[in-house]
Ligand SMILES: NC(=O)c1ccc[n+]([C@@H]2O[C@H](COP(=O)([O-])OP(=O)(O)OC[C@H]3O[C@@H](n4cnc5c(N)ncnc54)[C@H](OP(=O)(O)O)[C@@H]3O)[C@@H](O)[C@H]2O)c1
């Protein structure tokens, strides 16, 4: 799949490497392609093409947004025509709330012309995206959004990069809840100082 990663820091870089290893074509969309940006070394090492944001979005079938939450609406508005393209929103507004929206995915939906937006890869740390295996067992991922097409793509990508089950949180009405689920990881790992090598997985009987 042709994937544009916009926001190439901790999350964007970890996901990009996983996508490339799984055989996907990744391009970076950055603010200043000729300048310095997070992830530049990774781009050089793996020959990831670097474009401005609308050019990267124009190339891709699927766009991953991993910028600070406060930029969610502005970045989505800068993508250009993305009708029919899938957007995976990995952002959390926990410490960086958007002015007018309770979560980043609603800001994205309001700012661009695709309805195929899901939230995924927001509920765990970037280290777990780089390596989702604990004691030989893959940890779980979670996804929310009403677009079946986008959800299916996110589930496949999560499995491609090594996650185990991908649990469906529900539709767009669960965007806020899945950000709160991320906040549970942030609370335990960071605020309660359990450390970032910590992950959630679902057990059933
Ligand atoms: N870190 C985690 O473990 C983690 C886990 C789950 C979800 N998240 C969420 O994922 C998002 C990214 O987190 P991160 O830790 O990867 O952040 P990060 O390392 O600081 O990277 C942020 C990236 O966004 C770019 N950026 C910043 N402002 C921008 C703008 N106005 N327009 C376009 N690009 C912009 C930065 O570009 P430059 O390099 O040019 O500055 C950088 O590439 C956040 O919303 C965060 O809540 C983070």
Segment 2-191 - convex hull of the alpha-carbon atoms, volume per residue in Å³: 108
198, 191 arranged by Cβ crowding within 10 Å, fewest neighbours leading: 191, 198
Normalised contact order of the chain, rounded percent, pairs of Cα under 8 Å and 6 or more residues apart: 18
Modelled FRET efficiency - R0 41 Å, residue 81 with residue 187, Cβ distances, 0.05 increments: 0.60
Mean ellipticity per residue at 222 nm, deg cm²/dmol - from DSSP H runs of n ≥ 4 across the chain, formula -39500 (n - 2.57): -9500 deg cm²/dmol
Whole-angstrom gap from segment 43-114 to segment 123-192, using each part's C-alpha centre: 18
Spin-label model distance (nm) - residue 127 vs residue 111, 7 Å beyond Cα toward Cβ: 3.0
Projected label distance in nm at residue 100 and residue 36, using a 7 Å step from Cα toward the beta-carbon: 3.5
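Where a number appears in this text, it was derived from the coordinates with a stated rule and is not lab data. Every value quoted in this text rests on a predicted model; they were computed, and no experiment measured them. Ideal geometry is used to build each Cβ from the backbone, glycine not excepted, and the neighbour counts take in all protein chains shown.
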